[in-house]
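Next up is a structure, given as structure tokens.
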Amino acid sequence: MLEAIIPFVIALFAGALVKAVDWLDDDKKSRHPVKFLLAAIYGIAIGYVIGTASFALIFLAALIAQVLARKVDTMAHIVGLAFAVISLPFFGIPYIDLPVLAFFLVLAFLDEGGYIGKLKFLSDYRPFLKIGALPFAFIGRWDYFVGILIFDFGYELARNI
């Protein structure tokens, strides 16, 4: 039972660390080296989720979308991405169901859009991936939906702290 919960806890932790690095980079414009340590830790956490979790594909799609949308735009986030990629051989490469990965990749890419005006809430809350994961819950794959919600909960929790 505990083994099944661990990837969700790690996803929560990763979400909080990603936001912490965002805050240090984007809001504080910090040069403090702790952001690189936090990025390395979240990279390993994301690598762990991609390598071990039943909901790995949604995280893999989000990671690829970040790269394609050029959102990995600071040295700290490059460190996070590098640690995620480097850690994959240690944690394992998930089985890749190409249609599911492609579906999540499109939605994750939409979440990365720089929406403005009345659509700015789409940039702030990134709803596409969560909405797209919800139907999977109705066919027994609730883990995709819960996994991305938990990551986002960690992200929003860190935003509000």
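Would you confirm, using the coordinates I've provided, whether F145 is at pLDDT 95 or above and either in contact with a Gly (Cβ under 6 Å, 6 or more places away or on another chain) or more than 15 Å from A56 (Cα to Cα) (or both)?
So F145 fails the test.
Looking only at region 117-149, count how many residues are on the phi > 0 side of the Ramachandran plot and open to solvent by less than 30 Å² (accessible area, probe 1.4 Å).
Qualifying residue count, region 117-149: 0.
Taking region 69-78 as the region of interest, how many residues are touching a residue at least 24 places away in the same chain (Cβ under 8 Å), closer than 14 Å to A39 by Cα and surrounded by 16 or more Cβ atoms within 10 Å (Cβ to Cβ)?
Residues that pass the stated criteria total 3.
With respect to G114, determine if the residue is modelled with pLDDT of 95 or more, surrounded by fewer than 17 Cβ atoms within 10 Å (Cβ to Cβ) and assigned to a loop (DSSP other than H, G, I, E, B).
Judged against the criteria, G114 is not a match.
Check S54 against each of (1) assigned to a helix (DSSP H, G or I); (2) touching a residue at least 60 places away in the same chain (Cβ under 8 Å); (3) open to solvent by 20 Å² or more (accessible area, probe 1.4 Å) and name the one condition it does not meet.
Here S54 clears every test but (1).
Follow-up question, since we're still on this one. Within region 79-95, count every residue that is in contact (Cβ under 8 Å) with a residue 12 or more places away in the chain, assigned to a helix (DSSP H, G or I) and open to solvent by 30 Å² or more (accessible area, probe 1.4 Å).
8
The values are calculated or read from the model by the stated rules, or taken from the named source; none is laboratory data. All values derive from a computational prediction rather than experimental measurement. Note: ideal-geometry Cβ built from the backbone for every residue, glycine included; neighbour counts use all protein chains shown. With ligands, DNA and RNA removed, areas are computed over all heavy atoms of the protein, side chains included. Shrake-Rupley method; radii C 1.70, N 1.55, O 1.52, S 1.80 Å.
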